[in-house]
Protein chains: 2
Amino acid sequence: MASILPASNTSMRSDRNTYVGKSFVHIKNPYLDSMDEDVLYHLDLGTKTHNLPEMFGDVKFVCVGGSPNRMKAFALFMHKELRLADSEEDIKDICAGTDRYCMYKIGPVLSISHGMGVPSISIMLHELIKLLYHARCSDVTIIRIGTSGGIGIAPGSVVITDEAVDSFFKPRFEQVILDNIVTRSTELDKELAEELFNCSKEISTFPTLIGHTMCTYDFYEGQGRLDGALCSFSREKGLDYLKRAYNAGIRNIEMESTVFAAMCRLCGLKAAVVCVTLLNRLECDQINSPHDVLVEYQKRPQLLISKFIKQRLGLLDQTS
Amino acid sequence: MASILPASNTSMRSDRNTYVGKSFVHIKNPYLDSMDEDVLYHLDLGTKTHNLPEMFGDVKFVCVGGSPNRMKAFALFMHKELRLADSEEDIKDICAGTDRYCMYKIGPVLSISHGMGVPSISIMLHELIKLLYHARCSDVTIIRIGTSGGIGIAPGSVVITDEAVDSFFKPRFEQVILDNIVTRSTELDKELAEELFNCSKEISTFPTLIGHTMCTYDFYEGQGRLDGALCSFSREKGLDYLKRAYNAGIRNIEMESTVFAAMCRLCGLKAAVVCVTLLNRLECDQINSPHDVLVEYQKRPQLLISKFIKQRLGLLDQTS
């Protein structure tokens with residue numbers, strides 16, 4: 001990374017990154033350190049208006065998910081699980097000044113919403129990574145806990161992603177930079193995926209598996225659904241696509257994993273994607289399970305991640 | 001459209017579409033009418049659980065924008081402007097059962113949020129278009145009222161889009177369908193843009209212009225910003241790209257217009273994009289104007305659209 005930094009900043013950043021045993025979150029932008037102020041517009045935070053190291057310096061786990069309500073529920077759940085001294089009422093939305101994203105901090109855990117789709121999570125990730133960098137965070141693990149459509153597995157199954165692939169089943173993310181297309185790797189942290197899978201073995205109430213995850217740019221035509229406002233392919237063609245995806249090792253489809261994997265990898269964040277499947281796409285297109293069933297499904301990745309975090313923090317014996 | 005419908009539904013749909021002088025919202029999906037129930041999952045509405053014709057049959061104007069708070073503010077503003085009999089407290093979020101989008105109805109006006117980016121607005125549009133179709137709405141005008149980055153124009157200017165273009169300055173939207181890429185036209189309604197521009201001439205408090213709008217897949221690298229977590233191009237390259245965009249007729253950049261134009265066009269909705277610019281990208285990357293200035297900017301498209309709707313409804317003399 002040092003090679004693309006301007007000379008004036010190299011020494012400082014170099015010190016920061018070689019601090020014994022610590023792996024700092026880094027940015028890949030030679031211009032950022034020369035800015036007088038960095039306004040993280042969509043988070044309603046900034047380097048002049050907020051003391052980011054004080055607010056976020058101790059963050060070790062970042063959990064992200066599409067829905068603001070779900071990420072608030074996860075924050076409240078983690079607060080209970082970690083048995084922190086502060087009261088539940090103290091858990092306030094740190095980004096309350098904007099309605100683009102919400103953010104909660106529970107001890108070393110940050111819970112943030114990212115909306116739906118690659119562009120929406122990409123804006124959040126740019127600003128989150130800068131936040132963690134400005135706050136001098138180290139050894140940060142980031143996990144997307146989301147919902148998805150399953151392929152050939154029972155609804156309610158949890159998929160830990162070993163490879164995030166695009167609509168063409170390729171493990172890549174195509175980033176448009178100005179008017180060039182740059183292809184980035186979507187490799188996720190293998191050890192982290194294994195660690196999460198080992199955690200899941202202690203949970204008997206739902207199945208968890210490791211598989212490829214396909215990331216698409218829309219929910220209807222791009223995922224082979226026959227129930228959108230537009231549908232120009234036959235039932236057979238749609239099903240054939242999903243079966244080919246299954247044969248390529250894909251077990252679920254969502255809309256954020258490729259850019260999430262690509263950006264986290266470039267910035268030194270160990271990343272994992274853990275999504276529950278709400279339906280089996282080889283059987284149907286519509287999500288029409290009863291509300292309470294869907295709510296229970298959505299708690300499953302949260303349960304797994306809570307177990308993982310408690311294990312990492314050495315709290316598992318006391319609380320489980 | 002009739003040609004892609006299954007025979008059993010042709011007559012009904014044909015009747016519907018030829019009703020004297022009315023232009024109905026249509027879908028382009030031969031499977032939809034054979035479905036026993038259509039669950040609009042991300043809107044928390046459905047054909048069995050809700051009487052959509054009764055709830056939405058009179059909708060004539062749909063206004064969409066990224067931020068839920070802004071779309072609620074627009075609903076309250078329209079309620080005041082249209083001088084409807086019901087009280088402000090009656091304006092409830094119709095999609096309160098989900099936090100993916102929010103929706104408010106004020107007489108013939110629907111105000112809906114769509115989040116950020118092409119995938120997020122695309123999910124909403126699929127379900128909105130199906131909603132308008134199920135509700136048998138006719139002669140519907142849809143307008144995106146958003147925020148954007150300006151190119152070479154004063155911050156606070158309002159841009160009415162004559163052409164939505166992609167990162168390569170082309171008026172097209174590339175939709176991935178299964179593993180094929182289909183290119184769609186992003187043509188918007190010229191007469192509607194003219195009508196809006198004529199309305200704007202009566203507003204002296206801010207400048208409004210017609211220009212091309214560029215739609216990108218991210219806010220940082222894709223828009224030539226030097227202040228993201230990642231930046232691999234030089235200041236000169238970034239500025240050169242923005243200047244080339246200006247020379248190609250582009251006056252602002254946002255993240256939803258191409259798919260919005262493409263989908264509305266295919267489904268018989270007369271569509272316009274009206275965005276305020278929060279900064280001039282030839283001068284800076286960061287949005288750091290004072291909060292109250294940005295709030296006032298964001299009211300500008302609302303003011304213009306309110307004027308347009310009142311004019312269409314013949315209410316302008318009484319209320320302005």
Got at least one residue in the range B:81-101 being within 13 Å of the chain's Cα centre (by Cα), within 23 Å of B:ILE27 (Cα to Cα) and not polar (S, T, N, Q)? no
Take A:LYS48 and tell me if it is basic (Lys, Arg), out of contact with any helix residue (DSSP H, G or I) (no Cβ under 8 Å at 6 or more places or on another chain), free of Cβ contacts under 8 Å to residues at least 60 places away in the same chain and within 22 Å of A:LEU294 (Cβ to Cβ). no
With A:MET55, A:MET71 as the choices, which residue is in contact (Cβ under 8 Å) with a residue 40 or more places away in the chain, away from chain B (no Cβ under 14 Å), within 28 Å of A:LEU316 (Cα to Cα) and assigned to a helix (DSSP H, G or I)? A:MET55
On the given criteria, is A:LEU132 within 13 Å of another protein chain (Cβ to nearest Cβ), touching a strand residue (DSSP E or B) at 6+ places or on another chain (Cβ under 8 Å) and either surrounded by fewer than 24 Cβ atoms within 10 Å (Cβ to Cβ) or in a helix (DSSP H, G or I) (or both)? yes
Please verify whether A:THR277 is modelled with pLDDT of 95 or more and at the interface with chain B (Cβ under 9 Å from one of its Cβ atoms), treating the condition exactly as stated. no
Mind checking which residues of the range A:99-117 are under 26 Å from A:PHE173 (Cβ atoms) and out of contact with any strand residue (DSSP E or B) (no Cβ under 7 Å at 6 or more places or on another chain)? A:ARG100, A:GLY115, A:MET116, A:GLY117
Taking the stated definitions as given, is A:ILE253 more than 9 Å from every other protein chain (Cβ to nearest Cβ) and touching a residue at least 60 places away in the same chain (Cβ under 8 Å)? yes
Could you list, in sequence order, the residues of the range B:242-278 that are assigned to a helix (DSSP H, G or I) and either surrounded by fewer than 20 Cβ atoms within 10 Å (Cβ to Cβ) or in contact with a His (Cβ under 8 Å, 6 or more places away or on another chain) (or both)? B:LYS243, B:ARG244, B:TYR246, B:ASN247, B:MET263, B:ARG265, B:LEU266
Can you pull out every residue in the range B:141-196 that is of a type in the set (Val, Ile, Thr) and part of a helix (DSSP H, G or I)? none
Just the residues that are out of contact with any strand residue (DSSP E or B) (no Cβ under 6 Å at 6 or more places or on another chain) and modelled with pLDDT of 95 or more, please, taken from the range A:280-289. A:LEU282, A:GLU283, A:CYS284, A:ASP285
What do you reckon, is A:SER111 among the hydroxyl-bearing types (Ser, Thr, Tyr), buried (at least 24 other Cβ atoms within 10 Å of the Cβ) and more than 14 Å from chain B (Cβ to nearest Cβ)? yes
Scanning the range A:151-204 for residues that are farther than 29 Å from B:CYS231 by Cα and of a type in the set (Phe, Trp, Tyr) gives A:PHE197
Residue count, the range B:231-241, condition more than 18 Å from A:SER122 (Cα to Cα) and buried (at least 24 other Cβ atoms within 10 Å of the Cβ), comes to 0
Residue ID - farthest from A:ASN288 (Cα to Cα), chosen from residues in the range B:30-44 that are within 7 Å of another protein chain (Cβ to nearest Cβ) and either in a helix (DSSP H, G or I) or among the aromatic types (Phe, Trp, Tyr) (or both): B:TYR31
Hits in the range B:279-299 (condition: outside any loop (DSSP other than H, G, I, E, B) and aliphatic (A, V, I, L, M)): B:LEU279, B:VAL293, B:LEU294, B:VAL295
Of the residues that sit in the range A:87-108 and are away from chain B (no Cβ under 14 Å) and at pLDDT 95 or above, which one is surrounded by the most Cβ atoms within 10 Å (Cβ to Cβ)? A:MET103
Note: among A:ASN17, A:ASN9, just one is under 26 Å from the mean Cα position of the chain (by Cα) and either modelled with pLDDT of 95 or more or not hydrophobic (A, V, I, L, M, F, W, C) (or both), namely A:ASN17
Test: B:GLY228 is within 11 Å of chain A (Cβ to nearest Cβ), modelled with pLDDT of 95 or more and either surrounded by fewer than 21 Cβ atoms within 10 Å (Cβ to Cβ) or assigned to a loop (DSSP other than H, G, I, E, B) (or both): yes
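The values are calculated or read from the model by the stated rules, or taken from the named source; none is laboratory data. Owing to the predicted nature of the structure, the values given are computational and were not obtained by experimental measurement. Cβ coordinates were reconstructed from backbone atoms using ideal geometry, including for glycine residues, and neighbour counts include every protein chain displayed.
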